[in-house]
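For reference, the structure is listed below as structure tokens.
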Amino acid sequence: DAGVIQSPRHEVTEMGQEVTLRCKPISGHNSLFWYRQTMMRGLELLIYFNNNVPIDDSGMPEDRFSAKMPNASFSTLKIQPSEPRDSAVYFCASRVGQLYGYTFGSGTRLTVV
Amino acid sequence: EDKVVQSPLSLVVHEGDTVTLNCSYEVTNFRSLLWYKQEKKAPTFLFMLTSSGIEKKSGRLSSILDKKELFSILNITATQTGDSAVYLCAVGTQGAQKLVFGQGTRLTINP
């Protein structure tokens, strides 16, 4: 199994540009999570999906952030327009059922200049 | 609001020492507590604990949960430089699928 696959690994963009982060969960995992990690705030949950349906998006910072999961094997997190304070590592994680821990992807390091 | 607090935030020891990392929590409807190790990239899963008083062990690492006092410890014996990492504690609650993470403990093992 290839694990949770995220792309790109690194993204550097200018303030105001649109950024799209991608995630492919492990096949068979029915829950998908987007987290953001910074030195100041640690790991923060942005949104999660269960069976492709968004369940809790209360962690999404503001309207500039949106996430979709059009099918069981793909999800996107979009930031439009991006701002320097969005710079962080964005992790996607998936799991099957509540009895198991998450499996994290390698993350996307986003730098907005 | 659900909260997970880890201590210490940072720890530096010599190779061969034993370390104990702490995690306390205040959550509604506790279900499970998980430990992760994060080196340069993604957190990797170490343990999941759901029952009080039962130790989980994997080589030199072990963890135990106290549901009455609302905390867990992660022990690492005979530390090696490869144990240097950030150790994250997370708590899952009944009904909600998300995990709430602590800030992590940055462990540095010096040769």
Exercise. Run through the DSSP bridge list for chain A and note the antiparallel percent, rounded to the nearest 5.
Key: 90
Quiz item: Across the residues of B:31-40, average count of Cβ atoms on other protein chains within 10 Å?
Solution: 2
Quiz prompt | Cβ neighbours within 10 Å from other chains - mean over B:92-102 | solution = 5
Quiz item: Which value, in debye to the nearest 20, describes the size of the charge dipole of chain B about its Cα centre when Lys and Arg Cβ atoms bear +1, Asp and Glu Cβ atoms bear -1, and nothing else is charged?
Solution: 300
Self-check item: Farthest positive-ward along region B:1-103 dipole, Cα basis, beta-carbon charges - from B:His14, B:Leu61, B:Ser51
Solution: B:Ser51
Exercise. Summarise the partner chain shielding of A:55-66 as one whole number: the mean count of Cβ atoms from other chains within 10 Å of each residue's Cβ.
Key: 1
Practice problem: Report P(r) for region A:1-100: all Cα-Cα distances, bin width 5 Å, range 0 to the bin holding the largest distance, values in whole percent. | Solution: 3, 13, 25, 26, 19, 10, 4, 1, 0
Exercise. Please give, to one decimal in nm, the separation of the simple spin-label points placed at A:Ser27 and B:Thr50, each 7 Å out from Cα toward the Cβ.
Key: 2.7
Quiz item: P(r) of region B:1-61 in 10 Å steps, Cα pairs, percent per bin?
Solution: 15, 47, 33, 5
Practice problem: Compute the FRET efficiency between B:Ser62 and B:Lys3 as 1/(1 + (r/R0)^6), taking r as their Cβ-Cβ distance and R0 = 25 Å, and round to the nearest 0.05. | Solution: 0.50
Practice problem: Tell me the label-point distance for the pair B:Thr18, A:His10, using the 7 Å Cα-to-Cβ offset, in nm and rounded to one decimal. | Solution: 4.2
Quiz item: Which FRET efficiency value, to the nearest 0.05, do you get for B:Asn75 and A:Asn71 by plugging their Cβ-Cβ distance into 1/(1 + (r/R0)^6) with R0 = 45 Å?
Solution: 0.60
Self-check item: Distance histogram for region B:12-111 (every C-alpha pair counted, 10 angstrom bins, percent rounded to whole numbers)
Solution: 16, 49, 29, 6, 0
Exercise. In square nanometres and to one decimal, what's the mean projected area of the convex hull around the Cα atoms of the protein assembly as shown?
Key: 12.4
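Every number here is computed from the coordinates shown, using simple stated rules; none is lab data. Just so it is clear, the model here is predicted, and its values are computed rather than measured. In this analysis, Cβ positions are derived from the backbone assuming ideal geometry, glycine residues included, and neighbour counts consider all displayed protein chains.
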